[in-house]
Amino acid sequence: MIALVIIISLVVGQASHAYGQTNLATNGQAMLAPIQTSSATPIPQASQTPPPDVAATPAATLPRYSGQLLDIERGYVVFSTGDALRLASDVSIVDDDTGVAPTYAIEPGLYAIAIVAPDTGLVTSLRFAHSPRPNATPIADVPRALVSAASSPQPNPDLAPPKTRYTSKLSASVQVTITVLVPPDTPFGADVYIATDTSGWNAQAIKMQRVDGRHFRVVSQLTGGTDFHYLFTRGSWATVERERSGLQRQARELAIEGGDALEVAATIYRWADLP
């Protein structure tokens with residue numbers, strides 16, 4: 001009986017010892033198990049939207065300049081302000097509302113929107129409308145570097161500051177010959193005059209003599225040091241000369257520095273009353 005008790009105690013003790021080792025091992029593994037962290041941030045796939053800082057930057061909008069059209073001539077668009085912008089060789093001309101080619105005639109008075117490439121300064125697209133465009137910069141505010149030709153800041157020659165001229169006492173009188181070539185559409189029986197600032201801009205101040213079908217000439221004796229501004233007319237300001245583009249022409253200037261004779265050759269490209 002005593003031997004049986006001892007055997008049972010030994011068996012129970014061994015079983016308890018084995019259970020203790022198993023429990024310790026299990027608890028030890030649980031204590032030593034690494035702490036689980038949150039799952040790593042997934043790498044964006046092609047279908048996912050990239051973060052804002054790496055999103056594609058939208059293409060820059062080209063500047064738009066708007067004003068009333070005066071003319072399109074010799075590769076330039078001319079606005080009523082007198083500013084002219086150069087057209088690209090492949091410029092597109094469309095209606096601003098429809099985006100297609102205009103079905104109406106392109107004529108002065110329309111509102112033109114010039115889209116300019118900043119790197120070249122050329123007009124790549126010219127859009128037209130019958131009303132002002134509020135979503136464009138006025139042509140008067142266009143950067144001067146883009147303007148091929150600009151209106152004079154002093155359209156009235158009388159407002160221009162006088163220039164200093166040196167006179168020569170050795171040449172008291174200079175024979176000045178002014179010859180002008182008129183446009184082919186000048187009326188055959190028309191007379192040509194010179195209007196000067198010294199005559200109060202009288203449109204018939206100096207009458208020129210016809211040389212041939214297209215040339216007129218005047219010869220006059222002027223004092224050395226004389227300096228004046230002038231324009232050619234056909235007898236009235238409605239028939240004054242204009243620039244090639246049809247814009248108001250800046251007054252010509254003649255300065256007599258001295259000498260025995262001076263010859264001036266001039267060309268009139270257009271008249272104000274003729275297309």
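We did not get these values from a lab; they are worked out from the coordinates using the rules stated. Model, not experiment: these values are computed from the prediction. Positions of Cβ are generated from backbone atoms using ideal geometry, with glycine treated the same way; all protein chains shown enter the neighbour counts.
Overview of values
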item	result
Ala255-Asp141 FRET efficiency (beta carbon distance; Förster radius 35 Å; 0.05 resolution)	0.50
Spin-label pair Ser173/Arg214, simplified geometry with 7 Å Cα→Cβ offset, distance in nm	3.5 nm
Proxy reagent accessibility, fewest Cβ within 10 Å first, across Glu257, Glu107	Glu107, Glu257
Long-range amide H partners of Arg214 with built H, under 5 Å	none
Per-residue ³J(HN,Hα) for the range 194-209, Karplus 6.51 cos²θ - 1.76 cosθ + 1.60, θ = phi - 60°, Hz, x for Gly and Pro	10, 9, 10, 5, 6, 9, x, 6, 5, 5, 10, 5, 10, 8, 9, 9
Taking Trp237, Trp271 and counting other C-beta atoms within 10 Å, the order from fewest to most	Trp237, Trp271
Amide H within-cut-off set for Thr267, under 5 Å, with H built and near neighbours excluded	Leu181
Summed side-chain charge close to Val192 - residues other than Val192 whose Cβ falls under 10 Å, Lys, Arg +1, Asp, Glu -1	+2
DSSP-defined beta bridges in the range 166-271 - what % are antiparallel, rounded to 5	75 percent
Size-normalised alpha-carbon gyration radius of the range 64-146, reference 2.2 N^0.38 Å	0.97
Hz values of 3J(HN,Hα) by residue in the range 229-241 - Karplus curve (6.51, -1.76, 1.60), Gly and Pro given as x	10, 7, 9, 8, 9, 10, x, 8, 6, 6, 10, 6, 5
Selection of chymotrypsin sites (Phe, Trp or Tyr not before Pro), the range 168-225, meeting DSSP coil and at most 13 other Cβ within 10 Å	Phe188
Placed amide H near Leu122: partners under 5 Å, 5+ positions off or other chain	Ala117
